[in-house]
1. With (1) farther than 24 Å from Leu97 by Cα; (2) loosely packed, with under 12 Cβ neighbours inside 10 Å as the list, and Gly26 as the residue in question, which single condition is left unmet?
2. With the requirement that a residue be in a helix (DSSP H, G or I), among the hydrophobic types (A, V, I, L, M, F, W, C) and open to solvent by 50 Å² or more (accessible area, probe 1.4 Å), what does region 109-120 give you?
3. Of the residues Gly26, Gly93, which single one is under 18 Å from the mean Cα position of the chain (by Cα) and closer than 23 Å to Thr129 by Cβ?
4. Among the residues of region 92-102, write down those that are in contact with a Leu (Cβ under 9 Å, 6 or more places away or on another chain) and open to solvent by less than 50 Å² (accessible area, probe 1.4 Å).
5. Can you pull out every residue in region 56-85 that is small (Gly, Ala, Ser), buried (at least 16 other Cβ atoms within 10 Å of the Cβ) and more than 21 Å from the chain's Cα centre (by Cα)?
6. Quick one: which residue in Leu31, Leu19 is within 20 Å of the chain's Cα centre (by Cα) and open to solvent by 80 Å² or more (accessible area, probe 1.4 Å)?
7. Residue under question is Gly99, and the condition is that it be under 20 Å from Trp36 (Cα atoms), assigned to a helix (DSSP H, G or I) and at pLDDT 90 or above; does it hold?
Amino acid sequence: MTTGAPTPAHPARPRRSRLRTFLPLGVAAWLVLEIWLLIVVAGASSGFVVFLLLVAGFVLGAAVIKKAGRRAFQSLNEALQRGGTPQSSGGNGLLMLGGLLLMIPGLISDAVGLLLLIPPVQKALSRLTERTLDRRLREAAAGSFGDAFQQARIHRPDGKVVQGEVIRDEPGDAPQDPRPPLTR
């Protein structure tokens, strides 16, 4: 049964973003490179040395994540006791990312994780990320996901303003007859 409207020969599909196209290829290339590098290092030294490197990376990554998490929790706790909002995390997120990369088996991820533990690298990456995020939020089209973030980031005088309506129940507004108890 037809409605008289012609059906297109090829239905239009939305265009795939570059990220969705190239991310799986990048992850696959990264995994192949990690495995190849582990095999090369194992061939040059021994499999036991590679095993020790991977275990040391895992232990160091776990310690870094624990330290960064403790520091972030302490910062949040102090800010809540002061009655304010927490200040910038001071790189706790990048420390946690570095620890996570150290925990992932592989020498390239370990090298990147160790780089993220260096404070000047953290500061530079943090500034770059903040500038990029601000630029993208300013360029966000109306009604997009980025526009929602831009609206949420509008600066308020004290940061504690919640838009809404207050409805007060006055004692005289309560119903006169009490409600019966809930029983079966």
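The values are calculated or read from the model by the stated rules, or taken from the named source; none is laboratory data. All figures in this text were calculated on a predicted structure; none of them were measured in a lab. So basically every Cβ, Gly included, is an ideal-geometry build from the backbone, and we count neighbours across all protein chains shown. Heavy atoms of the whole protein, side chains included, go into the accessibility calculation; ligands, DNA and RNA do not. Shrake-Rupley method; radii C 1.70, N 1.55, O 1.52, S 1.80 Å.
1. (1)
2. Scanning region 109-120 gives Ala111, Val112, Leu114, Leu115.
3. Result of the check over Gly26, Gly93: Gly93.
4. Passing the criteria: Leu94, Leu95, Gly98, Gly99, Leu101, Leu102.
5. Gly57
6. Leu19
7. So Gly99 does not fit the description; no.
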